[in-house]
1. Along each of the three principal axes of the Cα atoms of the stretch 120-201, give the extent in whole Å, ordering the values from largest to smallest.
2. Amide H to amide H, which residues 5 or more places from I169 or on other chains are under 5 Å from it, using H placed in the peptide plane?
3. Please work out how many pairs of lysine residues in the stretch 7-192 are eight or more positions apart (or on different chains) and have Cα atoms closer than 24 angstrom.
4. I need the Kirkwood Rh of the stretch 7-192: take the reciprocal of the average 1/r across all distinct C-alpha pairs and report it in angstrom.
5. Kindly put S195, S164, S32, S19 in sequence by how many other C-beta atoms sit within 10 Å of each C-beta, fewest to most.
6. Starting at the first residue of the stretch 6-12, write each ³J(HN,Hα) from the Karplus equation 6.51 cos²θ - 1.76 cosθ + 1.60 with θ = phi - 60°, in whole Hz, x for Gly and Pro.
7. Could you tell me how far the Cα centroid of the stretch 53-69 sits from the Cα centroid of the stretch 105-183, in Å?
Amino acid sequence: MQKDYNYLFKISIVGGRGSGKTCYFNRYIEDSFEPLDSSPSFEDNHTGSGLRRKTINFNDNCIIRLLLFDYNNNSIFRIDDEFYEEIQRSNGIILTYDICNRSSFNDCIRDYQIINPNGSDRYRIILVGTKLDIAEIDEKKRKVTYDEGKLFADQQGLEFYETSSKQNIGVHQSMLTLIGQILDGIENKYNDSNSNSNNNNNNNKSKCTIQ
Ligand SMILES: Nc1nc2c(ncn2[C@@H]2O[C@H](COP(=O)(O)OP(=O)(O)O)[C@@H](O)[C@H]2O)c(=O)[nH]1
Ligand SMILES: [Mg+2]
């Protein structure tokens, strides 16, 4: 069957209940924000496995089909083995916490230990602190400082963003960073395999040639 994309990436979003996962994907996929007290859960709106799709043209160069999984669950340490295995099959993971909720940051650190047990390099991870708009309106509502998030991210070698799905801050940029990291990983493998090969015929072939 003819593929109309270069790559298919599975990206999962994780974090405690209420950390803003569904709103983050709503902003990314539909460029919308549902101003409800409690946003509708993913499974309420979409039957099936909790999967949404978006196809993008990355840097006007690469057509990428994204499979976006919002497990709509509590932190990973509370999910069952089946979900955990699903998450491990991701190319990228968005690890979220609510900057106005201290315990969600603690949960997020714990989640990180689970998804990245021994510095796993099977997927790329970015750290996202959500609901920046709330802290910008009233700094007293902020319970996790930018520096705390940044320090944790730096210690783990993760890119870090504070985002607002409501005000459309940082969501698209953080997704582009994650997708770029996944692509870089593929490019590095591609270059390695080319340099190890005696056959140089493929050296000029774009990694984004639709096959
Ligand atoms: N002000 C504000 N509220 C948000 C933002 N993101 C999510 N929320 C609210 O936080 C609550 C939980 O969000 P939701 O996406 O359902 O969290 P989830 O359980 O992680 O999927 C809902 O009431 C959302 O409306 C944001 O960027 N700004
Ligand atoms: Mg949700």
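1. Computed over the stretch 120-201, the largest-to-smallest principal extents equal 61, 25, 15 Å.
2. S164
3. Taking the Cα cut-off of 24 Å, the pair count is 23.
4. It works out to 16.6 Å.
5. Going from least to most buried by this count: S195, S32, S164, S19.
6. Computed from phi, the couplings for the stretch 6-12 are 7, 9, 10, 10, 9, 10, 10 Hz.
7. Using only Cα atoms, the two centres lie 21 Å from each other.
Here, each number is a calculation from the coordinates, and none is a lab measurement. Source: prediction; values computed, not measured. As a convention, Cβ positions derive from the backbone with ideal geometry for all residues, glycine included, and neighbour counts pool all protein chains shown.
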